[in-house]
Amino acid sequence: MIPSTRRDFLKDVGRGMLVAGIGTAVASDLGFSTAFADRGPESLPLGAHEALVELIRSTPPEKLQPILISKLKAGEVDNKRLIQAAALANAEAFGGTDYVGYHTAMAMLPALGIAQQLPAERQALPVLKVIYRNSAQCQSHGGASKATLMALHAAEHSAEGDIGLKIREACRNSDLKNAEDLFGNMRSATPQEMFNALQPAVQDDINVHRFVFAHRTYGLIGLLGKEYAHTLLRQSVRQMVDFEVQHKRHNNPDNPIRALLPKLLDQYKLVGKTPGKKELSDAAVDELATTVYNGPPAKSADAVAAALADGVDMEQVGEAISLASNMLCLRQGSGDKQWRTHGDSAGVHSSDATNAFRNMARNTDPKHGICGLIVAAYHSASHNPFKTDTYPLEDHRKSIKATDAAGLLAECEDAVKANDQGRASAAIQIYGEKGFAVDGVFQTLIKYTISEDGRLHGEKFFHTVGEEYKATRPSLRWRQ
């Protein structure tokens with residue numbers, strides 16, 4: 001007697017009859033928004049995720065959490081299904097144009113990754129945390145009654161020529177309809193073809209969010225399936241147009257990367273170049289990383305373009321840029337009065353951006369990978385380098401008394417609780433030098449990402465560090 005989805009139920013009896021029959025208080029407790037109405041033909045197709053998406057979008061977070069916990073305990077859903085539905089709820093509610101909304105979307109896959117590193121009885125914690133944040137922002141945005149991303153109808157014109165360049169031009173012109181129409185022509189394309197088409201626009205500025213959001217939304221395709229690829233990647237198109245609108249509203253000049261990138265491609269004859277496989281020594285990677293770190297941005301971009309022209313493997317060029325971004329973390333000491341290494345600091349933003357570009361280079365055509373790494377170097381160097389020495393300093397190292405693995409991790413944890421970044425980094429550096437297992441570090445620090453950090457960067461930066469540690473050569477990886 002119970003319909004299969006809330007949509008079917010609402011079609012049969014209507015919203016008013018439901019509320020009248022069970023009362024507004026009970027309806028609210030069950031997660032039904034009094035503003036909710038039939039989705040209609042303009043709504044996004046959500047398939048089997050529809051009921052859970054509607055629950056997440058229409059329910060206040062303090063009421064949603066116990067409902068989801070009961071569903072998890074009953075085996076009706078698992079963490080993967082919750083993140084799938086939350087990602088679609090986020091896409092429908094915000095469409096890539098809400099600041100907190102797209103930060104929350106960027107944290108979803110990392111939260112699921114963190115869950116998989118926890119004991120079974122605690123795996124729901126990071127997932128519920130990010131869904132709480134998502135639900136709260138949905139409610140502040142109007143709940144289920146207000147959707148930003150709607151169904152996209154057939155494009156009104158063909159897209160002959162290089163569609164990626166056309167999308168970039170539409171974004172530059174703040175022309176949302178044209179940009180969406182152009183991308184709409186790609187609904188039958190493969191996810192990788194869609195992602196390739198976004199790259200010229202993604203690389204057209206140095207706003208960290210356009211890099212990381214594009215990378216994370218592409219990653220969500222692997223979780224939800226290729227049938228949702230166009231819906232997920234549309235968000236990046238809309239975000240980039242919105243960025244351009246804000247850019248023009250504040251009368252900001254075009255970022256110099258727009259003129260520099262084609263100049264470097266021409267200067268180093270990189271257009272159409274097949275990437276090389278040349279390997280760099282540890283010292284050479286460190287030298288390139290230092291060059292990128294010191295800047296200025298144009299010089300850093302030039303150094304990377306020259307390395308790629310010389311046939312250096314893109315993975316090793318990306319490794320050097322990652323280490324440059326890492327320097328922004330390790331040299332940003334507590335003596336800096338403007339920033340410390342937390343939240344949206346230079347090092348966190350730069351590391352996340354470089355990680356995104358390295359992943360995009362692995363998942364797009366080589367021409368886009370080459371351009372992306374040049375932009376990544378420019379972006380990393382756009383943060384003024386800190387003049388302080390790299391953590392841990394010698395005084396930090398001398399403060400560490402333990403020599404065994406458990407003792408070093410305990411000293412690190414004590415330093416974290418004391419907000420002492422220097423002593424914490426010293427404990428971990430010594431731990432690594434002694435050859436102890438890296439899993440101990442992640443298991444020590446993971447709890448603080450979940451329980452202590454309610455901001456918008458914790459999950460994805462934890463994920464970034466894990467990936468970059470694995471992708472960095474053994475002699476240098478403990479810097480990560």
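The values are calculated or read from the model by the stated rules, or taken from the named source; none is laboratory data. Since the structure is predicted, the reported quantities are computational estimates derived from the model, not experimental observations. Neighbour counts are summed over all protein chains in view; Cβ atoms, including those assigned to glycine, are modelled from backbone coordinates with ideal geometry. These area figures cover heavy atoms from the full protein model, side chains too; ligands, DNA and RNA do not enter into them. Shrake-Rupley method; radii C 1.70, N 1.55, O 1.52, S 1.80 Å.
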* To do: State the number of residues belonging to region 164-180 that are surrounded by fewer than 20 Cβ atoms within 10 Å (Cβ to Cβ) and not small (Gly, Ala, Ser).
  => 9
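Which of the residues that make up region 429-480 are polar (S, T, N, Q) and closer than 22 Å to Asn419 by Cβ? Walk me through how you get there before you give the answer.
Applying the first criterion (polar (S, T, N, Q)) to region 429-480 yields 429, 443-444, 449, 451, 464, 472, 475, 480.
Those that are polar (S, T, N, Q) and closer than 22 Å to Asn419 by Cβ: Gln429, Gln443, Thr444, Thr449, Ser451, Thr464, Gln480.
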* Structure fact -> In the set Ala303, Ala283, Ala259, the lone residue that is closer than 23 Å to Val202 by Cα and free of Cβ contacts under 8 Å to residues at least 60 places away in the same chain is Ala259
* To do: Please name all residue pairs, on different chains or six or more residues apart, with Cβ atoms under 9 Å, provided the first residue is in region 435-453 and is touching a residue at least 12 places away in the same chain (Cβ under 8 Å) and the second residue is open to solvent by 60 Å² or more (accessible area, probe 1.4 Å) and not in a helix (DSSP H, G or I).
  => Phe436/Asp404; Phe442/Gln117; Gln443/Gln117; Ile446/Gln117
* With the checklist (1) loosely packed, with under 15 Cβ neighbours inside 10 Å; (2) closer than 25 Å to Ala147 by Cβ; (3) at pLDDT 95 or above in hand, flag the one item Pro66 doesn't pass. => (2)
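Within region 207-298, which helices (runs of 4 or more DSSP H) (wholly inside it) include 3 or more residues that are surrounded by fewer than 22 Cβ atoms within 10 Å (Cβ to Cβ) and at positive phi?
Details: elements: 208-224, 229-249, 257-267, 282-294.
Of the helices (runs of 4 or more DSSP H) lying wholly inside region 207-298, none has at least 3 residues that are surrounded by fewer than 22 Cβ atoms within 10 Å (Cβ to Cβ) and at positive phi.
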* Kindly list, by first and then second residue, each pair from a residue in region 181-193 that is open to solvent by 30 Å² or more (accessible area, probe 1.4 Å) to a residue that is in a loop (DSSP other than H, G, I, E, B), limited to pairs with Cβ atoms under 8 Å and residues at least 6 apart or on different chains. => Asn185/Ala155; Asn185/Ser158; Asn185/Ala159; Arg187/Leu152; Gln192/Thr364; Glu193/Met186
* Could you tell me whether any residue of region 148-163 is over 21 Å from the mean Cα position of the chain (by Cα), polar (S, T, N, Q) and under 27 Å from Asn207 (Cα atoms)? => no
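If we scan region 305-318, do we find a residue that is crowded, with 22+ Cβ neighbours inside 10 Å, modelled with pLDDT of 95 or more, within 23 Å of the chain's Cα centre (by Cα) and not basic (Lys, Arg)? So that I can check it myself, show each step before the final result.
First, pick out the residues of region 305-318 that are crowded, with 22+ Cβ neighbours inside 10 Å: 305, 307-308, 312, 317-318.
Checking which are modelled with pLDDT of 95 or more leaves us with 305, 307-308, 312, 317-318.
Restricting the remaining residues to those that are within 23 Å of the chain's Cα centre (by Cα) gives 317-318.
Subsequent filtering for residues that are not basic (Lys, Arg) retains 317-318.
Among the residues of region 305-318, at least one is crowded, with 22+ Cβ neighbours inside 10 Å, modelled with pLDDT of 95 or more, within 23 Å of the chain's Cα centre (by Cα) and not basic (Lys, Arg), which makes the answer yes.
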* Enumerate the pairs (first residue in region 319-336 and more than 10 Å from Val292 (Cβ to Cβ) and of a type in the set (A, V, I, L, M, F, W, C); second residue anywhere and modelled with pLDDT under 90 and open to solvent by less than 10 Å² (accessible area, probe 1.4 Å)) with beta-carbon separation below 8 Å, excluding pairs fewer than 6 apart on the same chain, so at least 6 apart or on different chains. => Leu328/Ser345; Cys329/Ser345
* To do: Just name the residue that is farthest from Ala427 (Cα to Cα) out of those in region 441-457 that are touching a Phe, Trp or Tyr at 6+ places or on another chain (Cβ under 8 Å) and crowded, with 20+ Cβ neighbours inside 10 Å.
  => Thr449
* Of the residues that sit in region 381-409 and are among the hydroxyl-bearing types (Ser, Thr, Tyr) and either in a helix (DSSP H, G or I) or under 33 Å from the mean Cα position of the chain (by Cα) (or both), which one is farthest from Asn355 (Cα to Cα)? -> Thr388
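Please go through region 410-425 and pick out each residue that is part of a helix (DSSP H, G or I), aliphatic (A, V, I, L, M) and open to solvent by 40 Å² or more (accessible area, probe 1.4 Å). Explain how you work it out, then say what you get.
As a first pass, look at region 410-425 and keep what is part of a helix (DSSP H, G or I): 410-417, 421-425.
Cutting the leftovers down to aliphatic (A, V, I, L, M) gives us 410, 415-416, 424.
Those that are part of a helix (DSSP H, G or I), aliphatic (A, V, I, L, M) and open to solvent by 40 Å² or more (accessible area, probe 1.4 Å): Ala410, Val416.
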* To do: Scan (1) at pLDDT below 95; (2) part of a loop (DSSP other than H, G, I, E, B); (3) of a type in the set (Lys, Arg) for the single condition Lys460 breaks and write down its number.
  => (2)
* Is it fair to say Ala74 is surrounded by fewer than 23 Cβ atoms within 10 Å (Cβ to Cβ) and free of Cβ contacts under 8 Å to residues at least 60 places away in the same chain? -> yes
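Could you look through region 424-457, keep only residues that are hydroxyl-bearing (Ser, Thr, Tyr) and over 19 Å from Tyr391 (Cα atoms), and pick out the one that is modelled with the lowest pLDDT?
Only one residue fits best here, namely Ser451.
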* Return a yes/no flag: does region 371-380 have any residue that is in a loop (DSSP other than H, G, I, E, B), closer than 25 Å to Ala289 by Cβ and not basic (Lys, Arg). => no
* Does Ala361 satisfy the condition of being touching a residue at least 40 places away in the same chain (Cβ under 8 Å), within 18 Å of Val208 (Cβ to Cβ) and buried (at least 19 other Cβ atoms within 10 Å of the Cβ)? -> yes
* Asked: Going through region 463-478 one residue at a time, which ones are small (Gly, Ala, Ser), part of a helix (DSSP H, G or I) and open to solvent by 30 Å² or more (accessible area, probe 1.4 Å)?
  -> Ala471
* Structure fact -> Exception for Ala87 within (1) open to solvent by 10 Å² or more (accessible area, probe 1.4 Å); (2) touching a residue at least 60 places away in the same chain (Cβ under 8 Å); (3) not polar (S, T, N, Q) falls at (1)
* Asked: Quick check: is even one residue across region 196-204 part of a loop (DSSP other than H, G, I, E, B) and buried (at least 21 other Cβ atoms within 10 Å of the Cβ)?
  -> yes
* Asked: Considering region 341-350 alone, what residues qualify as being over 10 Å from Val212 (Cα atoms), outside any loop (DSSP other than H, G, I, E, B) and open to solvent by 10 Å² or more (accessible area, probe 1.4 Å)?
  -> Ala346
